[in-house]
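One structure is given here, and the rest of the page talks about it.
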Amino acid sequence: MLTHWAVMPTRLPLVLRRCHACASGSFRPHGKFRVNANHKLLDAWLLALCTGCGDTTKLTVLERAHVRSVRPELLDRMHANDPALAGELVQDGVILRRNHVALDWTGAWRLDTGGDARPDHGAIDVSVRFGARIPVRPLRLIADGFGLSRAETERLAAEGRLVSATRLTGRTSGDFGFLLKR
């Protein structure tokens, strides 16, 4: 039996950065951009609000970029505060490294299993697709999808009844598949 699961984001992840005004360690990006021009050079930031005090921080998207080097449609989307663009940029590894921040996906995603695939009916072949680069533990995902305990999924993996080409311990954020034999 072949089943398809999807890991879908429900909101933008929190940005982990210490607030200078309060002791909070996370900011919520809300999809607004600030673009500043100085002659022929552009600066652009994605704005995020502190979850503790509401203070604003800026995540650098463009820094001293020449106007002609920026695609006009990208600039238009920033001026329009496009939420889809904010979602793309907050997950961009280059921007995360440039701003020295990390993402917290806790509570920002859901698992769509597409039905009632019960693990007690023979072998189930499951393909998991990600809607965004959401780091999750495959064993936790499998446990949640089938309604099993984490200890039970670990036992199934140790017995060889839960197999995958992807390592099931640790985290993954890319598509993978697994086979559960009951």
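The table for this structure:
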item: From the options 97, 140, 161, residue that is charged (D, E, K, R), at pLDDT 95 or above and out of contact with any Gly (no Cβ under 9 Å at 6 or more places or on another chain); result: 97
item: Residues within the range 124-159 that are open to solvent by 10 Å² or more (accessible area, probe 1.4 Å) and either within 15 Å of residue 182 (Cα to Cα) or among the polar types (S, T, N, Q) (or both), tallied; result: 11
item: Number of positions in the range 26-47 that are farther than 14 Å from residue 13 by Cα, touching a Leu at 6+ places or on another chain (Cβ under 7 Å) and open to solvent by 70 Å² or more (accessible area, probe 1.4 Å); result: 2
item: Which listed residue is farther than 18 Å from residue 108 by Cβ and out of contact with any Asp or Glu (no Cβ under 6 Å at 6 or more places or on another chain), from 11, 34; result: 34
item: Residues located in the range 4-25, provided they are buried (at least 17 other Cβ atoms within 10 Å of the Cβ) and over 17 Å from residue 86 (Cβ atoms); result: 5, 7, 19
item: From the options 74, 103, residue that is surrounded by 12 or more Cβ atoms within 10 Å (Cβ to Cβ), aliphatic (A, V, I, L, M) and touching a Pro at 6+ places or on another chain (Cβ under 7 Å); result: 103
item: Any hit, the range 108-120, residues being more than 23 Å from residue 13 (Cβ to Cβ), in contact with a His (Cβ under 8 Å, 6 or more places away or on another chain), surrounded by fewer than 15 Cβ atoms within 10 Å (Cβ to Cβ) and not small (Gly, Ala, Ser); result: no
item: Failed item, numbered, when residue 86 is tested on (1) out of contact with any His (no Cβ under 9 Å at 6 or more places or on another chain); (2) surrounded by 14 or more Cβ atoms within 10 Å (Cβ to Cβ); result: (1)
item: Selection from the range 90-112 of residues that are more than 17 Å from residue 173 (Cβ to Cβ) and assigned to a helix (DSSP H, G or I); result: 98
item: Some residue of the range 24-34 being in contact (Cβ under 8 Å) with a residue 24 or more places away in the chain, under 30 Å from residue 122 (Cα atoms) and more than 19 Å from the chain's Cα centre (by Cα); result: no
item: Test for residue 2: is it in contact (Cβ under 8 Å) with a residue 40 or more places away in the chain and more than 23 Å from the chain's Cα centre (by Cα); result: yes
item: Any chance residue 94 is open to solvent by 60 Å² or more (accessible area, probe 1.4 Å) and either on the phi < 0 side of the Ramachandran plot or among the basic types (Lys, Arg) (or both); result: yes
item: Tabulated pairs, the range 134-146, first within 18 Å of residue 91 (Cα to Cα) and without any contact (Cβ under 8 Å) to a residue 40 or more places away in the chain, second open to solvent by 10 Å² or more (accessible area, probe 1.4 Å) and of a type in the set (Lys, Arg), C-beta under 6 angstrom, 6+ apart or interchain; result: 135/171
item: Complete set of residues in the range 125-142 that are of a type outside the set (Lys, Arg) and part of a loop (DSSP other than H, G, I, E, B); result: 131, 132, 134, 135
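The values are calculated or read from the model by the stated rules, or taken from the named source; none is laboratory data. Since the model is a prediction, treat every value here as computed from it, not as a measurement. Counting neighbours? That spans all protein chains shown, and the Cβs are built from the backbone with ideal geometry, glycine included. Note: accessible area is taken over every heavy atom of the protein model, side chains too, but ligands, DNA and RNA are not part of it. Shrake-Rupley method; radii C 1.70, N 1.55, O 1.52, S 1.80 Å.
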